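First up is the structure itself, then whatever we jot down about it.
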Amino acid sequence: ESPRWLTDSRSLLCPLVPDGRGPRPEASRVPAGPVIQENLGRTTPARTYQDLLKDGHDEALFEHFFTARLALVDLDGQATSLGEPGVLWRFDPSPDGEYVLVETIHRPFSYLVPASRFPERIEIWDREGKVVRQIADLPLRDEIPIAFGSVAMGPRRVEWRADAPATLVWTEAQDGGDAGRDAEERDRLYVLPAPFADAPVPLVTLSLRYRGVRWGDGDLALVEESWWRTRQLRTWRVRPDHPDAAAQRVFDRSFEDRYADPGDPVTIANRYGRRVIQRSEDGGVIFLIGQGASPEGDRPFFDRLDLESLETERLFRSE
């Protein structure tokens, strides 16, 4: 992860090399024994990956070079350590700068899957590095079915809601994570606002696999879902401040059909420096920009989308 500016633009959140790290571990000239792998009666289908850990020495090197400590660094270069050092996988300050989403990897490691599937702890820290809440401690994810569109169980795609001071958002599979089985519900999106003491609130349940969300404000967010097998891509309007409101379908198309691509919403930086969907002055319209693929080639366009009727009007198309 690269250093991240906090909202006040006066401090950076940075990963630093821990004090006293010492030299890199050296491989022993005397083998400690054979590399033993066990199958404990579980079905663990997996693809073949390159550049995996191979032995205990690789594990030691992985921990040595990836262990970092998180720190707040001000404009004078003064660094204030946060929390304990760990194998830092990802970190992201909340839009208001009061909390930090921290994802760390821990043992047991695997020689069969990449680091992205190692056990992972997802936590919310305050500005002093204290754990406010643990969102999940995910086990080794070596049981994900190999069908395209399959995912791990538990929270995933954890992020901050861009238009709120400190609201966490993530999705969880409702179909066992197995894209090869029939299911009416695939994913569910949850929100958890600060101070993170309550139970997460469901925002929307999807019949396809969650693809991402574009935030606007408390009355507007665009959630995308897709399905690899059919190439279907759907976009829904949800109201983040009103999770009980029914989702409204905005687009439904094939993600391989470039001619039918409606474009992406125009965004603007909000007071937190995060990109959010720009709305018209009366709030009833958003704007879309697209490449405009056509039989004549790409002809970029600029559209307006009425949020009530969901009808688009072309304002400009390149000649």
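The values are calculated or read from the model by the stated rules, or taken from the named source; none is laboratory data. Since we're looking at a predicted model, the values are computed, not measured. FYI the Cβ positions are ideal-geometry reconstructions off the backbone, even for glycines, and counts take in every protein chain you see. SASA here: full protein model, heavy atoms, side chains in, ligands and nucleic acids out. Shrake-Rupley method; radii C 1.70, N 1.55, O 1.52, S 1.80 Å.
Quick notes on this structure:
- Element breakdown for the chain at a 1.4 angstrom probe: carbon and sulfur atoms account for 48% of the accessible area.
- About its Cα centre, the dipole of the chain is roughly 600 debye, where the only charges are +1 on Lys and Arg Cβ and -1 on Asp and Glu Cβ.
- Principal axes of the stretch 35-79: Cα extent on each, largest first, Å: 55, 22, 21
- When each of the peptides 184-195, 16-27, 132-143 is scored by the mean number of other C-beta atoms lying within 10 Å of its residues, the order from highest to lowest reads 184-195, 132-143, 16-27.
- Approximate spin-label separation TYR49-GLN174, in nm, with each point projected 7 Å along Cα-to-Cβ: 2.9
- Evaluated with a Cβ-only charge set (Lys, Arg +1; Asp, Glu -1), the stretch 59-149 carries a dipole of roughly 240 debye about its Cα centre, given to the nearest 20.
- Given charges at beta-carbon only (K, R positive; D, E negative), |dipole| of the stretch 100-248 in Debye: 440
- Cα long-axis angle, helix 56-66 against the chain (0 to 90 degrees, to the nearest 10): 50
- Summary of packing: across the peptides 79-85, 285-291, 158-164, the per-residue average of other C-beta atoms within 10 Å ranks them, highest first, as 158-164, 285-291, 79-85.
- These residues, GLU172, GLU313, GLU38, GLU225, go from largest to smallest accessible area, 1.4 Å probe, as GLU38, GLU313, GLU172, GLU225.
- Normalised per residue, the volume of the convex hull around the Cα set of the chain (Å³): 188
- Inter-probe distance in nm under a simple model that places probes 7 Å from Cα toward Cβ, at ALA293 and ALA260: 1.3
- Fully extended contour minus Cα-Cα distance, from GLU84 to ALA199, at 0.36 nm per residue: 38.7 nm
- Long-range amide H partners of ALA293 with built H, under 5 Å: ARG299
- Per-residue extension of 0.36 nm, minus the Cα-Cα distance of SER309 and GLU26, leaves a gain of 95.3 nm for this segment.
- For the stretch 1-123: rounded, prolate or oblate by the Cα gyration tensor [a/c cutoff 1.5]: oblate
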